[in-house]
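Every read-out reported here was derived from the displayed coordinates using simple, explicitly stated rules and does not represent laboratory data. Bear in mind that the values here come from a model prediction, so they are computed numbers and not experimental data. Glycine gets a Cβ as well: all are built from the backbone with ideal geometry, and neighbour counts include every protein chain shown.
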Amino acid sequence: MIPYPHIDPTIVKIGPLALRWYGLMYLLGFLASFYLVKKQIHEEFKEADPDEEHKQEQLLEGIMVSLVVGVIVGGRLGYVLFYNLSYFMQHPMEIFATWHGGMSFHGGVMGAVLAGWLYCRSHETDFFLWADRFAVTAPIGLGLGRIGNFINGELYGRPTDVPWAMIFPEDGFVPRHPSQLYEAFFEGPVLFAILWPMRKRSWPSGFKLAIFFICYGIIRFFMEFFRQPDPQLGFIAFGWLTMGQLLSMFLVVLGMVLILIRKKCWQEGRDVTC
């Protein structure tokens, strides 16, 4: 067994304000996506059309703000609706207490998609083009977020006797899988290694977003076998299916459907307007 490294979740605290590792991971993830999308814009134009490159970079700033709001709002509402609705129905003000924890990736990605679509529609720019640009950068934020979970000692794994098992401070004396680190590795570097090289593929727009949905959904589905189910839900079906697995299956199906739709639009010459 490996000792759990007790790291203070709070980096620095000044009066009522506190900077926490988990929040810092979110910030670093957003900054990494911003930088890598900007890099893609530069690669696409290679200074052949500096005016269009500048226009795209201006759009990037606005889309980034929209996505940040979408991820945070969607992630919180996803947790409320999918994981603990009965509790929040009784304590509605707790919905706004995000500092108490409780964010859903699946809700966050849906919030980001909706926010991005609304922004692109209002600015008459191709939503799927931007979605592809961001999708290939998403694993960095996902991996960092899981490290934040590990530092918080939350979302830990199921009981195990593997040599690298850990005892988490919030769970007494039961050795468990450090599943946050498994997820950090597979949802972070592994998924990034799959998606980032795809940025230069000239596929119909929306394909890279769809592949992100499919790959993440598959990885998350299998990682859930090592992760302790949420105590308020447990297994929701068959004695083994978790809410995370159910939502991940939905993402995989959504990705497959999106590929079929975008391929048809591309074949009909309606890739942008479809």
- [ ] Tell me which residues come under 5 Å, amide H to amide H, from ILE11 once H is placed; ignore anything under 5 positions away on its chain.
- [x] LEU19, ARG20, TRP21
- [ ] State the label only: which of [x] 66, 46, 34; [y] 55, 45, 38; [z] 60, 48, 41 corresponds to Cα extents along the principal axes in Å computed from the shown model?
- [x] [z]
TODO: Just order 32-39, 123-130, 169-176, 105-112 by mean Cβ neighbour count inside 10 Å, highest at the front, would you?
DONE: 105-112, 32-39, 123-130, 169-176
Task: Distant-in-sequence amide H partners of ARG227 (H built 1.01 Å from N, under 5 Å) - done: ARG158
Task: Stokes-Einstein D in µm²/s, Kirkwood radius over Cα pairs - the range 117-274 at 20 °C with 1.002 mPa s viscosity - done: 124
Task: Simple spin-label estimate for HIS54 and HIS123 in nanometres, 7 Å along Cα-Cβ - done: 1.6
Task: Under the span-like rule (Cα at least 15 Å along the axis, Kyte-Doolittle mean at least -0.5), DSSP H helices of the chain - done: 21-45, 50-83, 105-122, 138-152, 207-223, 243-267
Task: Neighbour-count order for THR242, THR160, fewest beta carbons within 10 angstrom listed first - done: THR160, THR242
Open item on the list: Just to confirm a number: summing +1 for Lys and Arg and -1 for Asp and Glu over residues other than GLY244 whose beta-carbon lies under 9 angstrom from that of GLY244, what do you get?
Closed with: 0
Task: Neighbour-count ranking [beta-carbon atoms within 10 angstrom, fewest first] of THR10, THR137, THR98 - done: THR10, THR98, THR137
Open item on the list: Using Cβ contacts closer than 10 Å as the measure, can you line up ILE7, ILE41 from fewest to most?
Closed with: ILE7, ILE41
TODO: Enumerate the amide H contacts of LEU241 below 5 Å, restricted to partners 5 or more residues apart or on another chain; note that Pro and chain-start residues carry no placed amide H.
DONE: ILE236
TODO: Could you tell me what % of all Cα pairs in the range 89-146 have separations over 14 Å?
DONE: 68
Open item on the list: Restricting to Cα atoms and excluding each atom paired with itself, what does the Kirkwood estimate give for the range 24-93 in Å?
Closed with: 14.5
